[in-house]
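Just so it is clear, none of the values below were taken in a lab; they were calculated from the coordinates. Keep in mind that this is a model prediction, so the values were computed, not measured. No Cβ is skipped: glycine too gets one built from the backbone with ideal geometry, and neighbour counts run over all protein chains shown.
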Amino acid sequence: MDYPKSEPGVALLNGKFTDGNPLLGVSASRDPAKWANDVTDEILGVIEEGGLLPDEANPAQMRQAVVAIINKVAPVATQAEAEAGTENTKRMTPLRVFQAIAKKVVQASETVLGIAKVATQAQTEAGTDDATIVTPKKLQMGFSVSLAQNGYIVFPRWLFGLIIQWGSVVVSGAGTAATATYPIAFPTQCFQAFLTASGWPLSDQRAVTTSEPLGSASIPVTYFGSATSSRVRFWVVGN
């Protein structure tokens, strides 16, 4: 459809209708009957294609018809079609897109691919939640280690912060006491201490502690043996 440019006597101005201007000698355009009928028929064709009955008093029919034709040519997918993801000829509204994504985004498990929330530190340490994911940082929280002659291993908080320490102290002479200081102090308590004494003969070497309860930062050790001095080695466990 176009302006009636080929119709004689229409008096278009710059290719469009004009009301004219007598002062400037510009004639007003006229609507040829054929052109007006063609325009009306084209509009009616759209309205009827949209499944509507032409109504002279309804100026919104053209828009309603265009919407109806769009829905007929490219209808909106149903929720089931959107979630299935196999229909390739229908439109997706924002709601249908959301529903399709929501259908696929499910809780992950050992057998189901999906999403899962990152566990909090409290959940990691409790060890009872089976629907969240533990990060390396959460696993390592609280862990530290010193691999030296006098050293320790502090297990992560989810392993109850167990601490194993080792070291040695030199004690001079039988019946002599010395203080074995741990590499780090136990934040809570020392559970057990294991002592060994070096010297010759081996059967004559022993060391004991008289501390009860065991100290959280050190323990007194006493050497019993025939050597003039002995290195007493200790292992202590606590938290």
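At-a-glance table
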quantity: Relative contact order (%) - the chain, alpha-carbon pairs under 8 angstrom, separation at least six; calculated: 11 percent
quantity: Mean Kyte hydropathy of -1.0 or more with a Cα span along the axis of at least 20 Å, helices from DSSP in the chain; calculated: 33-49
quantity: Alpha-carbon centroid distance for the pair the range 54-105 / the range 131-198, whole angstrom; calculated: 68 Å
quantity: Volume of the Cα convex hull of the range 1-145, divided per residue and given in Å³; calculated: 311 Å³
quantity: Extension gain from Gln64 to Asp130, taking 0.36 nm per residue of separation minus the Cα-Cα distance; calculated: 18.4 nm
quantity: Interatomic Cα distance distribution for the range 32-73, bins of 10 angstrom, percent; calculated: 32, 49, 18, 2
quantity: Alpha-carbon centroids, the range 107-124 and the range 1-50: separation in whole Å; calculated: 69 Å
quantity: 21 Å Cα-Cα reach of Lys16 towards lysines, excluding residues that sit fewer than 8 places from it in its own chain; calculated: Lys5, Lys34
quantity: Inter-probe distance in nm under a simple model that places probes 7 Å from Cα toward Cβ, at Glu42 and Phe160; calculated: 8.6 nm
quantity: Longest segment of the chain lacking GluC sites (Glu not before Pro) that sit in a DSSP loop with at most 14 other Cβ atoms within 10 Å; calculated: 111-239
quantity: Extension reserve of the Asn14-Thr120 stretch, reckoned as 0.36 nm per residue once the Cα distance is removed; calculated: 30.9 nm
quantity: Low-density loop cleavage sites - chymotrypsin sites (Phe, Trp or Tyr not before Pro) in the range 114-164, where at most 16 other Cβ are within 10 Å (DSSP); calculated: Phe143, Phe160
quantity: Under 25 Å from the Cα of Lys104 - lysines, other chains or at least 8 residues apart; calculated: Lys90, Lys117
quantity: Gain in span if fully extended, Val106 to Leu139, counting 0.36 nm per residue against the direct Cα distance; calculated: 9.4 nm
quantity: 13 Å beta-carbon shell around Arg30, net charge (K/R +1, D/E -1); calculated: -2
quantity: Longest exposed-site-free window of the chain, the sites being trypsin sites (Lys or Arg not before Pro) in a DSSP loop that have at most 16 other C-beta atoms within 10 Å; calculated: 91-239
quantity: Relative contact order of the range 32-73, pairs being alpha-carbon contacts under 8 Å that are 6 or more residues apart, as %; calculated: 34 percent
quantity: Dmax and Rg, reported as Rg then Dmax, of the range 128-178 (C-alpha, Å); calculated: 17.9, 60
quantity: Relative contact order (%) - criterion: Cα under 8 Å, at least six apart; region: the range 105-239; calculated: 23 percent
